[in-house]
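The values are calculated or read from the model by the stated rules, or taken from the named source; none is laboratory data. From a predicted model like this one, the values you see are computed outputs, not experimental measurements. Cβ placement follows ideal geometry from the backbone for every residue including glycine, while neighbour counts extend to all protein chains displayed. Only protein heavy atoms, including side chains, enter the accessible area calculation; ligands, DNA and RNA are left aside. Shrake-Rupley method; radii C 1.70, N 1.55, O 1.52, S 1.80 Å.
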Amino acid sequence: MKIFKKYSPKHIARYVKAFFKGRIYIQGRGAYEFNHGKLIMLKDYQTPKHRQTVSEINRCIDKFNHEQDAA
């Protein structure tokens, strides 16, 4: 499990994209899992803050994928 001491969506998105499957913890935001290079919702952590974090990081991952396809 990787622990991020601060919330940086681009940095976290790069980590998730590189490792493809695993668990992370973001200090002040909580625990997350990722699978197939995307952050997924945990049943125990379905708060608005959690949903926003998952959505924001997955958007960053999509942006990285589109930039990579264009190159």
Worksheet item: Considering only strands (runs of 3 or more DSSP E) fully contained in the range 1-48, which possess at least 3 residues that are touching a strand residue (DSSP E or B) at 6+ places or on another chain (Cβ under 8 Å)?
Response: 2-4, 22-26, 30-35
Item to complete: Being more than 10 Å from the chain's Cα centre (by Cα) and open to solvent by 100 Å² or more (accessible area, probe 1.4 Å) is the filter; apply it to the range 50-66 and report the residue that is farthest from residue 12 (Cα to Cα).
Response: 66
Fill in: Filter result (under 11 Å from the mean Cα position of the chain (by Cα), open to solvent by less than 50 Å² (accessible area, probe 1.4 Å) and within 15 Å of residue 4 (Cβ to Cβ)) within the range 17-43
22, 24, 26, 31, 32, 34, 39
Worksheet, complete the sentence: Restricting attention to the range 41-71, the residues that are in contact with a helix residue (DSSP H, G or I) (Cβ under 7 Å, 6 or more places away or on another chain) and of a type in the set (A, V, I, L, M, F, W, C) number exactly 5
Worksheet item: Do the conditions hold for residue 46, that is, is it open to solvent by 100 Å² or more (accessible area, probe 1.4 Å) and modelled with pLDDT under 95?
Response: no
